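Values quoted throughout were computed directly from the atomic coordinates according to the rules given, and no laboratory measurement underlies them. Just so it is clear, the model here is predicted, and its values are computed rather than measured. Here Cβ is always computed from backbone atoms with ideal geometry, including for glycine, and neighbour counts include all displayed protein chains.
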Amino acid sequence: MTLKNFPENFLWGGAIAANQTEGAWNVGGRGISNIDLIPHGANRQPIKLGYKKSALNDAEYYPSHTGIDFYHRYKEDIAMLADLGLKIFRTSISWSRIYPSGDEATPNQAGIAYYRDLFQTCKAHNMKLLVTLAHFDIPMGIVDKYNGWKNRETIDLYLKFAETCFEQFGEYVDFWIPFNEINVVLHSPFSGGGLTFDENENREQILYQAAHYMLVASAKAVESCHKMTTGKIGCMIAGGSFYPYSCNPEDVWKSMNDERTNTFFVDVQAKGKYPYYMKSFFEAKGIQIDIDSDAEILKQTVDFVAFSYYASRTSIADPSRVEKNEGNIIVSAKNPYLKMSDWGWVIDPLGLRITMNQIYERFEKPLFVVENGLGAKDVIEADGTIQDDYRINYMQQHMQAMYDGIQDGVPLLGYISWGIIDLVSASTGEMSKRYGMIYVDKDDAGNGTLKRTKKKSFDWYQQVIHQNGVEV
Ligand code: BG6
């Protein structure tokens, strides 16, 4: 075993998100948000994808209503994370805790007080903070009254929320991200942007129009953040390079275009304008978006580029040729060279080095890995321990790849492990798809004591952080 040392001040972290942990959905004046209408079970996918409209229904179980009760337990949870040695903690602010319906004139003071105390608690433990403004949530007030991100007016409602956060929490937050995985709005429109579709609507027109409004909102948030705070503000996509399935030029061309549907977001946010190919893409699809009127505001560019990395993707021109791989939200072809997790996500550590290099080569801004981890089933042994060597193995390999990427010359601010405490899965709504180094006693139906237990990976990660390096 040799120790691979990371750069001084490398930010080792752990991430959660409000919508998957806080619970307390109707406590402290919080308004209903889109996530509260996404049940566990058969109706989850059609609702998440915007195919089916949802209304609260007693027969359904909604995991976000209780989460892991982080809302009430954050002091103990943050103390455990401090014990782990985290240098940085990532979470998000529930929009409907600050503006319950989205369009109130003034913010909800109980929501402000909650996040102030949470952030002060982190600071008291010497942790830096990376805060996502919108992590797959939007107040239902905005969805019902304004049609979510279909409507340009949502930009101003979002900006009011963002500016309230900058004003109230700017002194605590070191790094901001306007939208979690902004590209996901194209793939999971209701969870990503509060979008639903009527039968005869042009889905692609709506998706790219919503994406454009989110990009304008992001640029406005960047402008305000720079004026109002001393923190850095970045952008974030669900990362993972697209490989061509074969050297058939048709597959290579497909992979290039698939990559572009991800990275054009970063082009706008990091370079300040739409890339040249989006014009012909929109024309070919008959999508009409007035980009020129927003050209000036889009010039507000981010300070760093963040991404989540779980898996690479594989593109094939003729999908009927091979089996599909559902992977993380974006469907691609099955890569015969890679093993998969229990949930069918390919495991590709080298893909992280490839993704780091490709993104940096293209944007030349510091990068931040703000999510990575293995969703797996954990077993509690007779002695009460959880021996999650598979998770340690996954992380060790990804850290080695990240180390190699840094040796390649990619400036990387830090690594934030996803779901550092077990939480509700965004895709499936399950608790049994666990990412944490801290186990939470709760099952897929919502039963359990919520007791927290350190897993074997907790001690392992503690050592990695302590020695600022990984033994491989
Ligand atoms: C990312 C999201 O896409 O992947 C998280 O930002 C999510 O919210 C994570 O939880 C893992 O996905 P899942 O579906 O396994 O929870």
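Between amide H atoms placed 1.01 Å from N, distances below 5 Å from Glu471 occur with Lys4, all of them 5 or more places distant or on a separate chain. By definition, a body whose alpha carbon gyration tensor gives a ≥ b ≥ c is oblate when a/c is 1.5 or more and a/b is not larger than b/c, and region 13-57 fits this oblate description.
Amide hydrogen proximity for Asp303: with H placed 1.01 Å from N in the peptide plane, the residues at 5 or more positions away or on another chain lying under 5 Å are Ile233, Gly234.
Rounded to 0.05, the FRET efficiency of the Ser280 and Leu159 pair, given R0 = 35 Å and the Cβ-Cβ distance, is 0.70. For Glu171 and Val252, the FRET efficiency from 1/(1 + (r/R0)^6), where r spans their Cβ atoms and R0 equals 51 Å, is about 0.55.
A dipole drawn for the chain from +1 and -1 charges on Cβ atoms has a positive end, and of Ala211, Phe242, Ser54 the residue lying farthest that way is Phe242.
Extension gain for Asn57 to Lys324 (0.36 nm times residue separation, less C-alpha to C-alpha distance): 92.8 nm. A Stokes-Einstein calculation at 25 °C with viscosity 0.890 mPa s, built on the Kirkwood radius of the chain over Cα pairs, returns a diffusion coefficient of 110 µm²/s.
Counting other Cβ atoms within 10 Å, which chymotrypsin sites (Phe, Trp or Tyr not before Pro) in region 317-382 have at most 10 and lie in a DSSP loop? Sites meeting the loop and neighbour criteria: Tyr337. Charged neighbours of Gly141, selected by a Cβ distance under 9 Å, balance to -2 (K, R count +1; D, E count -1). Note on Asn468 and Glu381: the model spin-label points, each 7 Å out from Cα along the C-beta direction, lie 3.3 nm apart.
Secondary structure note: in the chain, about 25% of the DSSP beta bridges are antiparallel. Sequentially through region 343-352, phi angles give Karplus couplings (6.51, -1.76, 1.60; θ = phi - 60°) of 9, x, 8, 5, 10, 9, x, 4, x, 5 Hz, Gly and Pro residues having no value and appearing as x.
Charge tally around Thr355: other residues with Cβ under 13 Å, Lys/Arg +1 each, Asp/Glu -1 each, net -3.
How big is the charge dipole of region 58-205 about its Cα centre, in debye rounded to the nearest 20, if each Lys and Arg gets +1 on its Cβ and each Asp and Glu gets -1 on its Cβ? List each step's numbers first, then the result.
Values: 13 positive and 22 negative charges, 119 e Å.
Roughly 580 debye for region 58-205.
Applied to region 94-106, the Karplus parametrisation 6.51 cos²θ - 1.76 cosθ + 1.60 on θ = phi - 60° returns per-residue 3J(HN,Hα) values of 6, 4, 7, 7, 8, 10, x, 9, x, 10, 5, 6, 10 Hz, with x for Gly and Pro. Over the residues of the chain, the helix contribution to mean residue ellipticity at 222 nm works out to -11500 deg cm²/dmol, using -39500 (n - 2.57) for each DSSP H run of at least 4. Be a star and scan region 435-456 for residues whose amide nitrogen sits under 20 Å from the point 7 Å along the Cα-to-Cβ vector of Ala82. Once the point is set 7 Å along Cα→Cβ of Ala82, 437-439, 452-455 turn out to lie under 20 Å by backbone N, inside region 435-456.
The calculated FRET efficiency for the pair Asp103 and Val331, based on their C-beta separation and a Förster distance of 30 Å, comes to about 0.25.
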